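See structure below.
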Amino acid sequence: MNENSKLEEARYFYQVMQESLNRRKPFVYNLSAFLSAARSVLQYTLKEARTKAGGRQWYETQMASHRTLVFFKDKRDVNIHSAPVNPKQDVAIAFTETIHVSEALAIRIMDAEGHVVGESSTQGPAPPHGDSSSP
C-alpha cells in the first residue's frame, strides 16, 4: 500500500520538525514537507476506498469525525494553493478576571484567525442565596 510509505515519510518529517523547533526555516520547510506527505496518505486512502463497496462513505465519515485530519488537510491545501505555511512562533495568552462568589473557570482557546478551537469550564458551588455581589 502506498499510504504506508507516505505515512513513514510523514513520520520522518515530523521527527525532523521536533529536532528543529528552535530553527525557524528548517522547521517551516519540514512542516511543508510533512503536510504534503500526510495529505498524500489521505489521498491514497481515498483512492483505495473508492475501489470498495461503501469505501467512499467510510472515508467521508472518517474525515468528518476527526478534526485533526481536516485541520492538516486544510493547512496543506493552503500551503500548496494559497501561501506558504507561516506558523506562529510565539503564543499569546490573555487572562481576564471576573469576580464571582462561586468558583468557576472557563478557558477558551482561539486560533490566529479568532476561531474558537477549544473550550473547557469547571463549575464550582452556587453562590449563597441573598448574595448581592455582581460581576
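The values are calculated or read from the model by the stated rules, or taken from the named source; none is laboratory data. Quantities reported herein were computed from a predicted structural model and do not represent experimental measurements. With ideal geometry, Cβ positions are generated from the backbone for all residues, glycine too; neighbour counts draw on all protein chains shown.
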Original post:
Tell me, which residue of segment 102-130 that is acidic (Asp, Glu) and over 14 Å from Phe71 (Cβ atoms) is modelled with the highest pLDDT?
Top reply: Glu119
**OP:** Go over the candidates Arg23, Arg50 one by one and state the one that is among the basic types (Lys, Arg) and farther than 17 Å from Glu3 by Cα.
**Re:** Arg23
Original post:
Looking only at segment 47-83, which residues are in contact (Cβ under 8 Å) with a residue 40 or more places away in the chain and in contact with a Lys or Arg (Cβ under 6 Å, 6 or more places away or on another chain)?
Top reply: Arg76
Subject >> Members of segment 28-46 found to be without any contact (Cβ under 8 Å) to a residue 12 or more places away in the chain and not polar (S, T, N, Q), listed by number >> reply: Tyr29
**OP:** Might you check whether a residue that is at pLDDT below 85 and in contact with a helix residue (DSSP H, G or I) (Cβ under 8 Å, 6 or more places away or on another chain) occurs anywhere in segment 3-18?
**Re:** yes
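Do we have Ile80 as at pLDDT below 90, out of contact with any strand residue (DSSP E or B) (no Cβ under 6 Å at 6 or more places or on another chain) and either surrounded by 15 or more Cβ atoms within 10 Å (Cβ to Cβ) or not in a helix (DSSP H, G or I) (or both) here? Talk me through it step by step, then tell me what you get.
Values: at pLDDT below 90: yes; out of contact with any strand residue (DSSP E or B) (no Cβ under 6 Å at 6 or more places or on another chain): yes; either surrounded by 15 or more Cβ atoms within 10 Å (Cβ to Cβ) or not in a helix (DSSP H, G or I) (or both): no.
Against the criterion (at pLDDT below 90, out of contact with any strand residue (DSSP E or B) (no Cβ under 6 Å at 6 or more places or on another chain) and either surrounded by 15 or more Cβ atoms within 10 Å (Cβ to Cβ) or not in a helix (DSSP H, G or I) (or both)), Ile80 does not qualify.
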Subject >> Pair list, Cβ < 7 Å and 6+ apart or interchain, from segment 99-123 residues that are assigned to a loop (DSSP other than H, G, I, E, B) to residues that are among the basic types (Lys, Arg) and at pLDDT 60 or above >> reply: Ala112/Lys88
**OP:** For segment 14-37, state whether one or more residues are exposed (fewer than 13 other Cβ atoms within 10 Å of the Cβ) and among the aliphatic types (A, V, I, L, M).
**Re:** yes
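So which residues in segment 43-60 are closer than 30 Å to Val16 by Cα and out of contact with any Asp or Glu (no Cβ under 8 Å at 6 or more places or on another chain), if there are any at all?
Gln43, Leu46, Lys47, Tyr59, listed by residue number.
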